[in-house]
Amino acid sequence: MSDPQLVAAVHGVLARVRTAAPLVHSITNYVVMNNTANALLALGASPAMVHALEEVEDFVSISSALVVNIGTLSPTWVSAMQRAAVRAGERGIPWVLDPVGAGATAYRTDTARALLALRPTVLRGNASEVLAVAGEEGATKGVDSTAASDAALDAASRLAHRYGCTVVITGAVDLVTDGARVVRCGNGHPLMTRVTGLGCSVSALTGACVAVESDPVHASAAALVLAGVAGEVAAERARGPGSLQVEILDALAALDGAMLDARARVW
Amino acid sequence: MSDPQLVAAVHGVLARVRTAAPLVHSITNYVVMNNTANALLALGASPAMVHALEEVEDFVSISSALVVNIGTLSPTWVSAMQRAAVRAGERGIPWVLDPVGAGATAYRTDTARALLALRPTVLRGNASEVLAVAGEEGATKGVDSTAASDAALDAASRLAHRYGCTVVITGAVDLVTDGARVVRCGNGHPLMTRVTGLGCSVSALTGACVAVESDPVHASAAALVLAGVAGEVAAERARGPGSLQVEILDALAALDGAMLDARARVW
Amino acid sequence: MSDPQLVAAVHGVLARVRTAAPLVHSITNYVVMNNTANALLALGASPAMVHALEEVEDFVSISSALVVNIGTLSPTWVSAMQRAAVRAGERGIPWVLDPVGAGATAYRTDTARALLALRPTVLRGNASEVLAVAGEEGATKGVDSTAASDAALDAASRLAHRYGCTVVITGAVDLVTDGARVVRCGNGHPLMTRVTGLGCSVSALTGACVAVESDPVHASAAALVLAGVAGEVAAERARGPGSLQVEILDALAALDGAMLDARARVW
């Protein structure tokens, strides 16, 4: 079912993350900071969480990628996100936007749109968030999606064209589009929805992947496969959501070519 | 030893949390955000951590319950807690107050009292915190209690009458009172005191329970039994506090009627 | 290979932490708050994370030690760190400074130096951070060191003399110096570098140790041995970085005299 070229791209991305250990600057929410940092470390990247207005521009300038996640917002943080994104754009440093909870409040939707206007390399959300950012219906229940991924594909394509970015919609089947190509990934496990912030981890891992892969569609697909395969391996070992969270980190560190060949579902 | 009516209430609350998956808005401390969100997800609720002044009122308005926890305070956060609590009161959305560390500093005690004046549905603290909020002696050592639960029962009854709320005192035996009824819960395990923020998790789970059960005494008792039984199951599997934290999440997700019948100690 | 007197000091420190359960006030970064609190609880100390300007001075005054960690900075937090450090100095309460990421940005380096001027009891960093604080070359890659510990020993000695503090440089072999004595610790495991914030945990545990041991060189060495031995025990049980993080907490709680005698490498 998988496209061999895409699977080969995933192999290449994983190898380069481990060799280069790219520094990934994250401005992300309080809930997932520890897990996000550990997911990046487990994959082989070097994470740093830095948000002060006084240093975000300096820090992003020495980083290989930036990840901006609006899960827990406040005005000072939004300013820092914007400054970091602007500087990333100026320096040609790839960056990923995760519009957590867009659609739930006007503040979240507006913040997500203002950041999107700064032209991230990749926008990653669930279907509800992508629809909300695009100005379409599709209620967000808190931070969880109530819409299916395919329902948001048209909106994603339009966003990709308008902002020159790649859009990732995660769900039972994940979608990646740059407005021209559409890639799908079927990896993952339903138990992953019972652990907080695994979507945020995918965004962080996408940051590590865009740091080492210049095609953002391939980089995004790689992040989805790597996170999804790790989730499947972890789910086979886990007894519930608590152990799943732990096993995912172990699985990310243990990912190898044989696992990817056996499990990758990307087309 | 258990009261069959109370045990039946716990069964009903668990079933309704899993069916309704209530959105629980938490304004809580940095230390426990990840674990609190995961505890809510493991039980079957839908957590969201939102604290910006710009959106707390919007967010609480779409939520089924609010949890306010003062573990890591600052003035902006206190303002957000107050606005969210006022809006919850206006909309008839039940809310839970956790006065972490009340008694340790004047700032904490004053903040807890100002929030209590906004009339939460449930106040949950350890004995030292409840005594401090009530203006009585009982030293708090940092954020840990130095007093026994029963010593705080009179203070709890007075607070319940004065503020029209239900008060929960957690300890070796937990107490719940609305000033008229007193319910006790004996579930839990001593190793739980070696994991940070499990009291905060109980407050969060109480939020999920008051979202689906209109009697706050029953809702509070249900949260105590569910958390306590999960803790007991987890302690039998754990080798120490690290694995206990993981096992509790697995156990919350695995709770079923047979476990509750076999283990609930509530009267 | 170990110095019996130093091993005896470690035994004594562990016993006193467990007996006294010292209250350790931490002003630390968002990424590690949960793990740091759990590491302190697992060892037997009583952690509290408190950062509001309105209460840091009150809180440090009732604490047995203070830990200041600049991992996630902002101006308000820096002010709180300074106030708490000044008060700790006035009251003779020992405190530990962890200059996370010093050298990565000017803001971080300047903040670390301003705090160091307040004369902590112990400064703990990796080699890059210590070199950066001392004003010497040695690039910091984000928050990870690129220099070896011994390369920073001269800088550490000078800092120790200038600020009257003990300096700890963690790495494959850890170094402790007060400018006169030099102690080395060889405990630990390479997998520990794949878990975020274990250096921060060492700083926190150093806080617990200086609370019960008046010789900061002995206290620092004890923290290194305790964390390192726990890491080794955990690494033997772990399947990867996720389970390592869990196992370290279990191992800290399970540490006993026999384990220390068998494993301590301190000289």
ask   = Out of the range B:87-100, which residues are more than 19 Å from the chain's Cα centre (by Cα) and either under 15 Å from B:Ala117 (Cα atoms) or not basic (Lys, Arg) (or both)?
value = B:Arg87, B:Glu90
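Does B:Pro75 satisfy the criteria of being surrounded by fewer than 21 Cβ atoms within 10 Å (Cβ to Cβ) and within 9 Å of another protein chain (Cβ to nearest Cβ)?
yes
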ask   = Among the candidates A:Val68, A:Val100, which residue alone is more than 10 Å from every other protein chain (Cβ to nearest Cβ) and closer than 18 Å to A:Asn126 by Cα?
value = A:Val68
key: Flag if A:Val217 is more than 14 Å from chain C (Cβ to nearest Cβ) and either surrounded by 20 or more Cβ atoms within 10 Å (Cβ to Cβ) or β-branched (Val, Ile, Thr) (or both)   = yes
message = Take the conditions in contact (Cβ under 8 Å) with a residue 12 or more places away in the chain, within 14 Å of chain B (Cβ to nearest Cβ) and basic (Lys, Arg) and apply them to C:Arg91. Does it pass?
response = no
query = How do the pairs read when you match residues in the range B:56-71 that are more than 20 Å from B:Asp110 (Cβ to Cβ) and small (Gly, Ala, Ser) with residues anywhere that are part of a strand (DSSP E or B) and modelled with pLDDT of 95 or more, using Cβ under 7 Å and keeping only pairs 6 or more apart or on different chains?
reply = B:Ser63/B:Leu23; B:Ser63/B:Val24; B:Ser63/B:His25; B:Ser64/B:Leu23; B:Ser64/B:Val24; B:Ala65/B:Val24; B:Ala65/B:Trp95
key: Test: residue in the range A:238-249 that is within 25 Å of A:Val60 (Cα to Cα) and at pLDDT 95 or above   = no
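Could you please let me know if A:Glu90 is of a type in the set (Asp, Glu), closer than 19 Å to C:Arg108 by Cβ and surrounded by fewer than 24 Cβ atoms within 10 Å (Cβ to Cβ)?
On the way: of a type in the set (Asp, Glu): yes; closer than 19 Å to C:Arg108 by Cβ: no; surrounded by fewer than 24 Cβ atoms within 10 Å (Cβ to Cβ): yes.
Here the answer is no, as A:Glu90 does not meet what is asked.
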query = Does the range B:1-46 hold any residues that are under 15 Å from the mean Cα position of the chain (by Cα) and acidic (Asp, Glu), and which are they?
reply = none
Inter-residue pairs, beta-carbon under 6 Å, first on the phi < 0 side of the Ramachandran plot and in the range B:187-205, second of a type in the set (D, E, K, R), 6+ apart = B:Asn187/B:Arg265; B:His189/B:Glu232; B:Ser203/B:Asp98; B:Ser203/B:Arg124
note = Within the range A:61-85, the residues that are among the β-branched types (Val, Ile, Thr) and under 19 Å from the mean Cα position of the chain (by Cα) are A:Val67, A:Val68, A:Ile70, A:Thr72, A:Val78
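Name every residue in the range C:244-266 that is within 14 Å of chain A (Cβ to nearest Cβ) and crowded, with 24+ Cβ neighbours inside 10 Å, in order of residue number. Spell out the reasoning first.
Of all residues in the range C:244-266, those within 14 Å of chain A (Cβ to nearest Cβ) come to C:244-250.
Listed by number, the residues that qualify are C:Leu244, C:Gln245, C:Val246, C:Glu247, C:Ile248, C:Leu249.
Okay, residues lined up against (1) among the aromatic types (Phe, Trp, Tyr); (2) under 17 Å from A:Glu129 (Cα atoms); (3) more than 14 Å from chain C (Cβ to nearest Cβ); (4) more than 15 Å from the chain's Cα centre (by Cα):
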position	(1), (2), (3), (4)
A:Ala160	no, yes, yes, yes
A:Thr170	no, yes, yes, no
A:Val182	no, no, yes, yes
A:Asn187	no, no, yes, no
A:Pro190	no, no, yes, yes
A:Leu224	no, no, yes, no
A:Val233	no, no, no, yes
note = Of the listed residues (C:Met81, C:Met1), the one being touching a strand residue (DSSP E or B) at 6+ places or on another chain (Cβ under 9 Å) and at pLDDT below 95 is C:Met1
message = Among the residues of the range C:15-53, what is the count of those that are within 8 Å of chain B (Cβ to nearest Cβ), of a type in the set (Gly, Ala, Ser) and touching a Gly at 6+ places or on another chain (Cβ under 9 Å)?
response = 4
ask   = Is it true that A:Val100 is hydrophobic (A, V, I, L, M, F, W, C) and crowded, with 24+ Cβ neighbours inside 10 Å?
value = yes
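The values are calculated or read from the model by the stated rules, or taken from the named source; none is laboratory data. Every value quoted in this text rests on a predicted model; they were computed, and no experiment measured them. When we count neighbours, we look across all protein chains shown, and the Cβ atoms used for this are built from the backbone with ideal geometry, even at glycine.
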